[in-house]
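Colleague: Before I ask anything, let me first share the structure, which is written out below as structure tokens.
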Amino acid sequence: MNVATATTRRLESYVKGQWVTGAGDGTLLTDAGTGEPVAVIGSSGLDFAGALAYGREKGGPALRAMSFHERALMLKSIALMLNEAREAFYAESYRTGATKADSMIDIDGGIGTFFVYASKGRRELPNTRVLLDGDVEPLSKDQTFSAQHILTPLEGIAIHINAFNFPCWGMLEKLAPTLLAGMPAIVKPASQTAYLTEMMVRRIIDSGILPEGALQLVAGSAGDMLDHVTGQDVVTFTGSASTGRMLRTHKAIVDNSTRFSMEADSLNSSILGADAGPDTPEFDLFVKEVAREMTAKAGQKCTAIRRAFVPRGQVDAVIEALRARLGKTAVGLPAEEGTRMGALASQDQRDEVRARIAELAADGEIVAGDPDNPVLSSGDAQAGAFLNPVLLHCANPHGAQHVHDVEAFGPVATVMPYDDAEEAVALAQKGKGSLAASVFTNDPEIAERIVIGMAPFHGRILIGNRDSARSSTGHGSPMPGLVHGGPGRAGGGEELGGIRGVKHFMQRTAVQGTPRLLAPVTGRWMEGADAGDTSVHPFRKSLAELKIGDQVVTEPREVTLADIEHFAEFTGDTFYAHMDEDAARANPFFDGRVAHGYLIVSFAAGLFVDPAPGPVLANYGVDNLRFLTPVYPGDVLKVRLTAKEINPRATADHGEVRWDAQVTNQDGDVVAQYDVLTMVAKQWPLPAE
Ligand code: NDP
């Protein structure tokens, strides 16, 4: 049955703008549930060096010519297109052994990651090509020499080598930040499930949304691809620790200091808090979560719970509850209605997991599930890669080593006892660095001790309790806005984390110089840079006319005691520093009654605003407001307002303008400093509807 026929689909790679098949017979890929042939894969003879060069030379410049917002919109278009095609992906996904629920993690989760980056790209990044990192670092007292960190996209290609367990999410979660950063990518999915990745890449390429060269696909082995990497390329890897180690020390990667991010084995743990006895919601949540993590994707999840640490007195109750729950998990053909858990990705993978279970069993005993004799609700145990969930118990986790070292990449977990929070933390740390951990407790002190103790060893930690039970995204779900990766054994890499993940594909450069020359480089006006046009009030200018540095310096205005008292009575803010001379004097910061900070800001607006209807549409906030010098009755204030950053929105008829507002007194001392945030029309008068 599992022999390729003339009609068996031959997977193609997409390189140098063409779909091509590898030379030779290739390798047959079979359906995880039925063993039937699905496709033949092979990449022999592909021009890997040429593919990398094509991406760098064709895709890179096209992406870098786009702004962050344009790239974000591109991600959104792809996400919308893929969303429409989901049914076709689900149908193909069954062949990987995934149930519909598993496929939703992979397919919807991947598409969702694109949506999140599309949205974050437009909300959290400017509509520019250069990203600023941190604030200006003044390096001289007279403001003739300053510095600013900037981020620009690397000019190489990102090579994403993925694991078999998430053929869609694995690709999309890496691709979204790569493309948003402005870097082209070449995706190499794990062979076993590459047919689903190929299907998705085909849709993306056919849509024509991406510029040519932005995305290539290698279906089959990586060949000599890594021999050709440069110092501008990035390699990410998800898979086994042994392959990861080999690739990380690849000569070309080492010689070129190529950025390499790895996500490998991870013995993730979950801890049941000492407060969470069998009659508490946290106990039930813990049991549910361990069972869910064992059975979702048949336990083939890099974040799945492998080690469950339980207060010694609760071990029997937890095992009993898990046994009952796992016993109800119908294992069978993934497309069948009643199936709760499908097959592992391949027979080889199942054999591998059985071998790992045998190693784990040396540290304890199997308390649920028989790894060798599958009990199925549908399907053929000989043809499909089925395995029932297997729960182990290890009574002496300090003396055991396999439980902390061996990752059985399937529906397998071990329950272990602990006596106090410190011991639970020490046991979790024995995993030598993991992607994710969780603690189920309703006790703030336990939460604090366990989370702080585990944090240096983990990339993400979930606190589960009754309050968050309905809204929790769960122990095993990496979220696009949160970092995914872990130290040590987990590979030491970091992915996602919102805009943090975009920066992995960019170079951070500290640029030093005089503000007049730094401002055009960074696209942001800074203190010490020249003022631009001061002849027209900048509020009279649309985005088409406004330039960075355009400025207005206002007329002076005196602040009187009557103003302060009026403001106090009017707003109800009669704080003693404004109203009681003796009390104000007694305050170490003041020499008498002072003006309210908000009075200063209000007067400042009254001074700098140009009131007639015009292109400034709204004031949506202030940033970094600081009151630096007290204002006393009789002081005379003046405002300097400068266009600091202009950010036209790609799909709207307006954009954001950030203004530097500086309020000074009669001595030139800075009284208040802040950024005013406004929406400004691209054209004025506004175009007719
Ligand atoms: P591998 O490490 O064998 O493969 C991972 C990826 O690396 C695949 O795309 C694979 O391609 C590729 N690869 C393998 N050899 C090379 C090479 N010499 N040069 C370039 N690329 C290469 O892992 P598997 O996917 O087979 O999974 C094996 C085990 O890894 C699992 O059983 C599990 O223990 C662990 N794993 C851990 C994950 C985690 O995130 N914690 C995720 C997935 C797996 P190809 O498939 O074509 O060989």
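Colleague: Could you please rank PHE48, PHE68, placing first whichever residue has the fewest other Cβ atoms within 10 Å of its Cβ? The partial results should precede the final answer.
Modeller: Working: PHE48 22, PHE68 25.
In order of increasing Cβ crowding within 10 Å: PHE48, PHE68.
Colleague: Could you work out how far helix 597-608 tilts from the main Cα principal axis of the chain, as a 0 to 90 degree angle to the nearest 10?
Modeller: It is inclined by approximately 70 degrees.
Colleague: In debye, nearest 20: dipole of the chain around its Cα centre with unit charges on the Cβ of K, R (+) and D, E (-)? Mind dumping the intermediate values first?
Modeller: Working: 63 positive and 86 negative charges, 373 e Å.
The calculation lands at about 1800 debye.
Colleague: Given an 8 Å cut-off on Cα distances and at least 6 residues of separation, report the relative contact order of the stretch 531-681 as a percent. Show your work: numbers first, answer last.
Modeller: Values: 316 pairs, mean separation 42.1, N = 151.
It comes to 28 percent, rounded to a whole number.
Colleague: Quick one: order TYR632, TYR598, TYR418 by neighbouring beta-carbon count within 10 Å, fewest to most. Let's see the in-between values first.
Modeller: Working: TYR632 17, TYR598 13, TYR418 22.
Lowest count first: TYR598, TYR632, TYR418.
Colleague: What residue among VAL40, ALA681, LEU637 has its Cα farthest toward the positive end of the dipole of the chain, where the charges are +1 on Lys, Arg and -1 on Asp, Glu, each on the Cβ?
Modeller: Projecting each Cα onto the dipole axis, the largest value belongs to VAL40.
Colleague: What list of ³J(HN,Hα) couplings, whole Hz, do you get for the stretch 429-445 from phi and the Karplus terms 6.51, -1.76, 1.60, once you set θ to phi - 60° and write x for glycine and proline?
Modeller: Each residue's phi maps through the Karplus curve to give 5, 5, x, 6, x, 9, 6, 9, 9, 9, 9, 10, 7, 10, 10, x, 5 Hz.
Colleague: Then there's this: Can you tell me which of 368-379, 116-127, 405-416 comes out highest on packing, and rank the rest after it, using the mean Cβ neighbours within 10 Å? Walk me through the numbers before you get to the answer.
Modeller: Details: 368-379: 16.6, 116-127: 20.0, 405-416: 24.7.
Ranking, from highest mean packing down: 405-416, 116-127, 368-379.
Colleague: Using packing as a proxy for protection, rank 213-225, 606-618 so that the peptide with the highest average count of other Cβ atoms within 10 Å comes first. Show your work: numbers first, answer last.
Modeller: Numbers: 213-225: 22.2, 606-618: 14.8.
Those peptides, ordered most packed to least, come out 213-225, 606-618.
Colleague: Next up: Over the stretch 552-663, with a single point scatterer placed on each C-alpha, what log10 of the ratio I(q)/I(0) does the Debye formula yield at q = 0.14 1/Å?
Modeller: Reported log10 I(q)/I(0), two decimals: -0.67.
Colleague: Let a ≥ b ≥ c be the square roots of the eigenvalues of the Cα gyration tensor of the stretch 199-285; is it rounded (a/c under 1.5), or, if not, prolate (a/b larger than b/c) or oblate? List each step's numbers first, then the result.
Modeller: Details: a/c = 3.46, a/b = 1.74, b/c = 1.99.
Oblate shape, in that a/c is at least 1.5 and b/c is the bigger or equal ratio.
Colleague: Given contacts defined as C-alpha pairs under 8 Å and at least six residues apart, what's the relative contact order of the chain, whole-number percent? Before the final figure, lay out the partial values.
Modeller: Details: 1600 pairs, mean separation 85.8, N = 689.
Value for the chain: 12 percent.
Colleague: Over the stretch 9-264, calculate the relative contact order: mean separation of alpha carbon pairs under 8 Å at least 6 apart, over the residue count, as a percent. Write down the numbers at each step before the final one.
Modeller: Values: 508 pairs, mean separation 61.6, N = 256.
Worked out over the stretch 9-264, it gives 24 percent.
Colleague: Further question on the same structure: If you take the beta carbon distance between ASP405 and THR249 as r and set R0 to 22 Å, what does 1/(1 + (r/R0)^6) give as a FRET efficiency, to the nearest 0.05? Show your work: numbers first, answer last.
Modeller: Values: r = 21 Å, r/R0 = 0.95.
About 0.55, to the nearest 0.05.
Colleague: Still on this structure: Could you sort 25-33, 245-253 so that the peptide with the highest average Cβ count within 10 Å comes first and the rest follow in order? Mind showing how you got there, number by number?
Modeller: Numbers: 25-33: 21.1, 245-253: 14.6.
Sorting 25-33, 245-253 by mean packing, highest first, produces 25-33, 245-253.
Colleague: Taking amide H positions as placed 1.01 Å from N in the peptide plane, with prolines and chain starts having none, which residues 5 or more places from ILE157, or on another chain, fall under 5 Å of its amide H?
Modeller: ASP233, VAL234
Colleague: Let me have the 222 nm mean residue ellipticity of the chain computed from DSSP H runs of 4+ only, each contributing -39500 (n - 2.57), with the sum over all residues rounded to the nearest 500.
Modeller: Working: 22 runs with 210 residues, N = 689.
My calculation for the chain gives -9000 deg cm²/dmol from helical runs alone.
Colleague: Could you tell me which of rounded, prolate or oblate describes the stretch 1-122, using a ≥ b ≥ c as the square roots of the eigenvalues of the alpha-carbon gyration tensor, with rounded for a/c under 1.5 and, failing that, prolate when a/b is larger than b/c and oblate otherwise? The partial results should precede the final answer.
Modeller: Numbers: a/c = 3.44, a/b = 1.28, b/c = 2.69.
Cα axes put the stretch 1-122 in the oblate bin.
Colleague: A further question follows. In degrees from 0 to 90, rounded to the nearest 10, what is the angle of the helix 194-207 Cα long axis to the longest principal axis of the chain?
Modeller: On a 0 to 90 degree scale, this one is about 40.
Colleague: When N counts the residues of the chain, how does its alpha-carbon radius of gyration compare numerically with 2.2 N^0.38 Å, as a ratio? Kindly include the intermediate steps, with their values, before the conclusion.
Modeller: Numbers: Rg = 30.2 Å, N = 689, 2.2 N^0.38 = 26.4 Å.
This ratio for the chain stands at 1.15.
Colleague: Let me ask you something else. Find the centroid of the Cα atoms in the stretch 89-149 and in the stretch 411-436, then give the distance between the two in whole Å.
Modeller: 32
Colleague: Efficiency by 1/(1 + (r/R0)^6): what FRET value for TRP19 and ALA241, r their Cβ-Cβ distance, R0 = 35 Å, to the nearest 0.05? Provide the component values of the computation, followed by the final result.
Modeller: Details: r = 33 Å, r/R0 = 0.96.
Between TRP19 and ALA241 the formula returns 0.55.
Colleague: For TYR418, what residues show an amide H to amide H distance below 5 Å, using hydrogens built from the backbone and excluding near sequence neighbours?
Modeller: VAL310, ARG312
Colleague: Give the residues of the stretch 619-657 whose amide nitrogen is closer than 16 Å to a point set 7 Å from the Cα of THR560 in the direction of its Cβ.
Modeller: Inside the label zone: 632-637.
Colleague: Place a point 7 Å from Cα of GLU336 in the direction of its Cβ. Which residues in the stretch 359-397 have their backbone N less than 20 Å from it?
Modeller: 369-390
Colleague: Using Cβ contacts closer than 10 Å as the measure, can you line up TYR620, TYR54 from fewest to most? It would help to have the intermediate numbers written out before the result.
Modeller: Values: TYR620 10, TYR54 21.
Listing TYR620, TYR54 from fewest to most nearby Cβ atoms yields TYR620, TYR54.
Values quoted throughout were computed directly from the atomic coordinates according to the rules given, and no laboratory measurement underlies them. Since we're looking at a predicted model, the values are computed, not measured. Using ideal geometry, Cβ is built from the backbone for each residue, glycine included, and neighbour counts are taken over all protein chains shown.
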